[in-house]
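A short worksheet on the structure shown next.
The values are calculated or read from the model by the stated rules, or taken from the named source; none is laboratory data. Keep in mind it's a predicted model, so treat the numbers as computed, not measured. Glycine also receives a Cβ, built like all others from the backbone with ideal geometry; neighbour counts cover every protein chain displayed. Just so you know, the surface numbers come from the protein's heavy atoms only, side chains and all, with ligands and any DNA or RNA stripped out. Shrake-Rupley method; radii C 1.70, N 1.55, O 1.52, S 1.80 Å.
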Amino acid sequence: MSRGVALQAALADPRLWRGSGAAPLRAQATGWTALDAVLPGGGWPRGALSEVLHAQPGAGELSLLLPLLARLTRGGQPVAFVSPPCRLHAPALASGGVALPHTLVVQTPCGADALWSAEQLLHAGSAALLLWCRDIETTAMRRLQLAAEKGDGLALLMRPLAAAASPSVAALRLRVERIDGTPTVEVLKCRGARPTQRIALTVPALRTPTRVTTSPARTLARWQAGTQVLADRPTA
């Protein structure tokens, strides 16, 4: 590779800070026109880690992600939920357009098992990986970022609002809150641009589910074998 070609390749890397202007950024549309309009690349950055900060489960975080999940799964691309705080309600997801055969749920407390599952799913080609984790070290976040890069997927880390005060390696950070009953999104950080104003979502949040537990290693093996896993319960 010539020096000129190598330089152009380096300048095209969205991780490079250029001072002015922005490198091309590959992204998946969020499905929300107003939000896509202010995000570099027009959506969730591909091959990268993004954070969604929320006050409590059901604040609108799944409503924010529903158009993305519906589009990916209808296209036959797998998406995975790791350590959701509540049991996901399959009929609600289906009514939002999500193709259930292309979804996977791994329920285990956020820790070594959850992080291992998230990395493996990204390596295995999960188009979008949603991980709920209250406390996560920078090293673990970097591993998720690298796994997303390798699998060219979307690593979406769901954390409480208090995490906004902590430094983050995420390429994109969004805050989701309910204001007068309406889920509202605020861009806190985005690679390639400055944060912007709040944006209201006009779709009601999904129903709140109940807790469920399963083995992450067993679930991963079943997913890789092409078996649908939704609200899988451990056998007696």
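Quick notes
- Contacts under 7 angstrom Cβ, first residue in region 61-84 being farther than 22 Å from THR184 by Cα and open to solvent by 10 Å² or more (accessible area, probe 1.4 Å), partner among the aliphatic types (A, V, I, L, M) and part of a loop (DSSP other than H, G, I, E, B), 6 or more apart: ARG74/ALA99; GLN77/ALA127; PRO78/ALA127
- Selection within region 123-146 - open to solvent by less than 10 Å² (accessible area, probe 1.4 Å) and in a loop (DSSP other than H, G, I, E, B): SER126, CYS133
- Test: residue in region 163-170 that is crowded, with 21+ Cβ neighbours inside 10 Å and under 30 Å from THR33 (Cβ atoms): yes
To keep it simple, each residue is scored yes or no on (1) out of contact with any Phe, Trp or Tyr (no Cβ under 7 Å at 6 or more places or on another chain); (2) more than 17 Å from TRP44 (Cβ to Cβ).
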| position | (1), (2) |
| --- | --- |
| SER95 | yes, yes |
| VAL98 | yes, no |
| VAL105 | no, yes |
| LEU131 | yes, no |
| ARG134 | yes, yes |
| MET158 | no, no |
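- Those residues of region 104-122 which are out of contact with any strand residue (DSSP E or B) (no Cβ under 6 Å at 6 or more places or on another chain) and not in a loop (DSSP other than H, G, I, E, B), in sequence order: ALA112, ASP113, LEU115, TRP116, GLU119, GLN120
- Members of region 147-170 found to be farther than 17 Å from LEU64 by Cβ and outside any loop (DSSP other than H, G, I, E, B), listed by number: ALA147, ALA148, GLU149, LYS150, GLY151, ALA162, ALA165
- Restricting region 42-60 to residues that are touching a helix residue (DSSP H, G or I) at 6+ places or on another chain (Cβ under 8 Å) and farther than 19 Å from ALA27 by Cβ, the residue that is most open to solvent (accessible area, probe 1.4 Å): ALA55
Matching residues to (1) within 14 Å of SER50 (Cα to Cα); (2) among the charged types (D, E, K, R); (3) at pLDDT 90 or above:
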{"position": "GLN107", "(1), (2), (3)": "no, no, no"}
{"position": "ALA118", "(1), (2), (3)": "yes, no, yes"}
{"position": "MET141", "(1), (2), (3)": "yes, no, yes"}
{"position": "GLN145", "(1), (2), (3)": "yes, no, yes"}
{"position": "ALA165", "(1), (2), (3)": "no, no, no"}
{"position": "GLY181", "(1), (2), (3)": "no, no, no"}
{"position": "LYS189", "(1), (2), (3)": "yes, yes, no"}
